[in-house]
Amino acid sequence: MIKQKVTLDETIKFLNELKDIDNKALCRLVNLRVFCNKDILNHPTVQCTAIKNDPDNSGIVGFLGVLNGLFGIDEETGWGVINFAGEYDDKVEEIPRPFTKILKVFKTDFERIKNKQPQVPIKQEIK
């Protein structure tokens, strides 16, 4: 059955089901970033990272950046509400943020947005 509408709560529940089935795969998915063009980089709701000194003004985008873009962002902070908790490995230097080793839970994080506490800087620049 194809669903015509999916709620934020249903999405979180689904992500957690998948995390329980294959944590390693979901870790890889949330760690994955792909290059995107300037139109996605400048999309009003998708969360991405700009590549510093890139002549094409491109960036990188990940799974949660796209999902948060789908559900919208907080107008004041520009952050999406879908978040996760996990264990991180700060020694991985290929990506501009802590590398997720184990996912514990996907969640909505309205409190973090209300208190303006970013998990990961949004629209940050990487070298």
* Among 7, 77, what is the fewest-to-most ranking by other Cβ atoms within 10 Å? -> 7, 77
* Set 3/107; 19/107; 24/52; 13/107 screened for pairs whose C-alpha atoms are more than 19 Å apart -> 3/107; 24/52
* 5 angstrom amide H check on residue 104, placed H, neighbours 5+ away -> 85, 86, 87
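Each value in this text was obtained by applying a stated rule to the coordinates, not by laboratory testing. Keep in mind that this is a model prediction, so the values were computed, not measured. All Cβ positions, even for glycine, are placed from backbone atoms using ideal geometry, and neighbour counts span all protein chains on display.
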